[in-house]
Structures are given as structure tokens and as C-alpha cells.
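The values are calculated or read from the model by the stated rules, or taken from the named source; none is laboratory data. Keep in mind it's a predicted model, so treat the numbers as computed, not measured. Surface accessibility is based on the protein's heavy atoms, side chains included, excluding ligands, DNA and RNA. Shrake-Rupley method; radii C 1.70, N 1.55, O 1.52, S 1.80 Å.
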Amino acid sequence: MSERLKSVPCGRTVLLFFILCLLLHPAGPAQAERPCLTVGVERIDYPPYGSFQHGDYEGFARDILDSFAIERGYNMVYVPLPVKRLYQEFLDTRTLDLKFPDSEDWNKVRREGIKIFYSVPVCEYTDGILVRPENLGKGIKAIKTLGIIAGLKPWLVIPPDVKDSLTVSENISVSGLLGKGLRNRVDGVYTNLMVASRLLEDMGYKDKLVFDPGLPSATGDYHLSTIAHPKVLREFDEFMKTRTELVNSIRRKHGLDR
């Protein structure tokens, strides 16, 4: 597929979002000439990275990508999708220009044979297992049922000898997942630690679930990715490297500089 940017995004999934973007933000002469990029994002509240609490996509990722778009003259249209559907639209039907967050380590089987381009690291993350305080330190064999976000795979960090004896309980939201842990419906919750901390505090349950450092965890980086537009990724990389003061200020705003 050519690197030339589409003037109108294709595919049923993104068409509605493109039309809505035009209706809510009528383009003047300068804006009308801007190439439009569709960005697939996860339709879950994931503060501080991304959230939909006010009916629109907001948070760290939105601030970073909007800043890049303004500087480079793009219009960003954010397309929120459930995790499983997001992979389908990005990898299979190819209706999305960009995906965030992404990593070459996720869903490796789905990525085989596809040339995907990844940006420089945008921010770090740590995923781990949260348990009730009274179960802290009991070890992985005490986790009989593990709560995960639907579409995510924790098997990279789960030992092979435990995998077969572990039952997975999925949920479409992190808040719902944490609720299962609080109500003792799962033995542990596997998710991003900062997201869990923010949501537990918002729910009024701070420290009612705690990270167990003795259980499997994963640390890595979130990247922006594309299949069709490596030129955009090169421009984004340059933005991240040359606009460090701006990028760091956005990280501080969302508490990601700690």
C-alpha cells in the first residue's frame, strides 16, 4: 500500500467517526487541506493513558498525538474499539492508519507475516497482578482465577506449569475487573499498575487491592504503530526526539514522569 495519505479514511468502521469529526469541527480553508489520520485506540477507561469519562477520548495519548498532529499538519480522528475488534481492524481489514498503544511483543502470532512499523517508545508501563492485602505473598499457585481485560493475553508472564491450572475471567473494563477482585470473584487482577491505582482511588477503594511483586509482571514501552504509513512514524519519531520539553511537560501533566 502506498505511503500517500488518504484524503478520506476508508472502511465502515471509521467512516462514521470521520463524518462526526467534520460535523463537530468544521474545517476552514487551512484545515481542509490537512491529511486525516485514523487512530485506533482501546475503548476502555485507562487513565492516565486514555479515557472516555466525558464522552470523548482524552488523556496522555490524546495530548501527545494532538501535539504531533498540530505541528505536522494532520487531522487525527480517534476510533475507540474493544481490544479484540481493534486488532481485527488494524491487522486484518486494515481500516486504521495508526494504533496506540502497541508493541511488537503483543499477540505475536497475529502479527506474523505483516510488516508493521513501530515508533520510538512513547512511555513506559508496568503490568502486574493485584490481590487483596490478606493474600499478599501467597504465590502464583494461590491464583486459581485470574481477571484480565477481554482480548489481552497474560501468558507471556504466567509460568507454563501454572497456565493449565489457571482459569481466566475476562471483563471489558478495568473498573469492572477491579470490582471482581474487590468482591472476591477472582483471586487476582492482571492489569496496568498505574491505571489500577488511579481507578481504585476514584472508586474509593485505595489499597483494597495491592500489587504483589512476588507474582509475574511485565514492564515495557507503549509505541505508536502503523502498517501503511511509515513516513508518519518517522515524523513522529523526530517529534518525540526534538520536542522533548513539550513531551516531558505532557508526561508531568499526567503523572507519567515518576
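Can you tell me the orientation of helix 12-24 relative to the chain, as the angle in degrees between its alpha-carbon axis and the longest Cα principal axis, to the nearest 10?
So the helix axis and the longest Cα principal axis differ by about 70 degrees.
If amide H atoms are built 1.01 Å from N in the plane of the peptide, which residues on other chains or at least 5 residues away come under 5 Å of the amide H of LEU37?
ASN75, MET76, VAL77
So which aspartates and glutamates pass the test for LYS141, namely a Cα distance under 16 Å, with those fewer than 8 places away in the same chain ruled out?
Here the aspartates and glutamates satisfying the reach criterion relative to LYS141 are ASP161, ASP164, ASP187, ASP212.
Leaving ligands, DNA and RNA out of it, report the carbon-plus-sulfur percent of the accessible area of region 102-248 at a 1.4 Å probe.
Working: 3650 of 7450 Å².
The nonpolar share, carbon plus sulfur, comes to 49 percent.
Connecting C-alpha atoms closer than 10 Å in a GNM of the chain, tell me which of PRO230, PRO133, PRO101 has the biggest fluctuation.
PRO133
What list of ³J(HN,Hα) couplings, whole Hz, do you get for region 73-82 from phi and the Karplus terms 6.51, -1.76, 1.60, once you set θ to phi - 60° and write x for glycine and proline?
Coupling constants for region 73-82: x, 10, 9, 9, 10, 8, 10, x, 9, x Hz.
Per the Kirkwood formula on distinct C-alpha pairs, the Rh of region 60-166 is how many angstrom? If you can, show how the numbers build up before the last one.
Numbers: mean 1/r = 0.0590 Å⁻¹.
By the Kirkwood definition, the hydrodynamic radius is 17.0 Å.
Rounded, prolate or oblate: which fits region 211-252 when a ≥ b ≥ c are the square roots of the eigenvalues of the alpha-carbon gyration tensor, with rounded for a/c under 1.5 and prolate only if a/b beats b/c?
Values: a/c = 4.60, a/b = 1.60, b/c = 2.88.
Oblate.
Name the long-range amide H neighbours of TYR46: under 5 Å, sequence gap of 5 or more, or other chain; modelled H, no Pro or chain starts.
SER51, PHE52
Tell me, what is the per residue accessible area of the chain in Å², probe radius 1.4 Å? Show your work: numbers first, answer last.
On the way: 13240 Å² over 258 residues.
With all protein chains present, the chain gives 51 Å² per residue.
What fraction, in whole percent, of alpha-carbon pairs in the chain exceed 28 Å separation? List each step's numbers first, then the result.
Values: 12314 of 33153 pairs.
Tail fraction, whole percent: 37.
For helix 60-72, report the angle its Cα long axis makes with the longest principal axis of the Cα atoms of the chain; keep it between 0 and 90° and round to the nearest 10°.
20
For region 191-200, in order, what is each residue's ³J(HN,Hα) by Karplus, 6.51 cos²θ - 1.76 cosθ + 1.60 with θ = phi - 60°, in whole Hz (x at glycine and Pro)?
My calculation for region 191-200 gives 6, 5, 5, 5, 4, 4, 4, 5, 6, 4 Hz in order.
Hey, could you get me the Stokes-Einstein D for region 110-214, Kirkwood radius over alpha-carbon pairs, 4 °C and 1.567 mPa s, rounded to whole µm² s⁻¹?
Values: Rh = 14.7 Å.
In µm²/s, the coefficient is 88.
To the nearest 10 degrees, how steeply does helix 244-253 sit against the main Cα axis of the chain, on a 0 to 90 scale?
Rounded to the nearest ten degrees, it is 50.
Under the classification rounded if a/c is under 1.5, otherwise prolate if a/b is larger than b/c and oblate if not, where does region 36-108 fall, given a ≥ b ≥ c as square roots of the Cα gyration tensor eigenvalues?
Values: a/c = 1.67, a/b = 1.21, b/c = 1.38.
Here region 36-108 falls in the oblate category.
A 21 angstrom limit on the alpha carbon distance is what I want to check against. Which of LYS99/LYS180; LYS99/LYS163; LYS84/LYS241; LYS115/LYS241; LYS115/LYS231; LYS99/LYS231 exceed it?
Working: LYS99/LYS180 29 Å; LYS99/LYS163 29 Å; LYS84/LYS241 32 Å; LYS115/LYS241 24 Å; LYS115/LYS231 14 Å; LYS99/LYS231 15 Å.
Cα-Cα > 21 Å for LYS99/LYS180; LYS99/LYS163; LYS84/LYS241; LYS115/LYS241; rest within.
Across region 204-209, in residue order, what do the Karplus-derived ³J(HN,Hα) couplings come to in whole Hz, using 6.51 cos²θ - 1.76 cosθ + 1.60 with θ = phi - 60° and x for Gly and Pro?
Computed from phi, the couplings for region 204-209 are x, 10, 4, 6, 7, 10 Hz.
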